[in-house]
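This structure is in structure tokens; I'll ask about it shortly.
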């Protein structure tokens, strides 16, 4: 039975995944964001980009 008295609002979600290969391993790190706040999307992308620029691996 389908309830017809409840209609959920649609939402738009943006996602970004950055896959970083881990040196010397067959593994990757996944840094991601997901938001419904589309007007601020570019700001979130810059935040994640800044985080990704700090990634360093030690020997």
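Given only helices, namely DSSP H runs of n ≥ 4 each adding -39500 (n - 2.57), what is the per-residue ellipticity at 222 nm of the chain, to the nearest 500 deg cm²/dmol? Please list the in-between numbers first.
Values: 1 runs with 12 residues, N = 59.
-6500 deg cm²/dmol, from helical runs alone.
Once both axes come from the Cα atoms, what is the angle between helix 41-52 and the longest principal axis of the chain, in degrees from 0 to 90, rounded to 10?
30
Next question. Full extension from residue 34 to residue 57: what is 0.36 nm times the residue separation minus their Cα-Cα distance, to one decimal in nm? Write out the running numbers ahead of the final one.
Numbers: separation 23, 0.36 × 23 = 8.28 nm, distance 2.55 nm.
That pair, residue 34 and residue 57, stretches by 5.7 nm at full extension.
Sticking with this structure for a sec: With just the Cα atoms of the chain, tell me how far they stretch along each of the three principal axes, in Å, largest first.
60, 30, 9
Just so you know, all these numbers are worked out from the coordinates, no wet-lab data involved. All values reported here derive from a predicted model rather than from experimental measurement.
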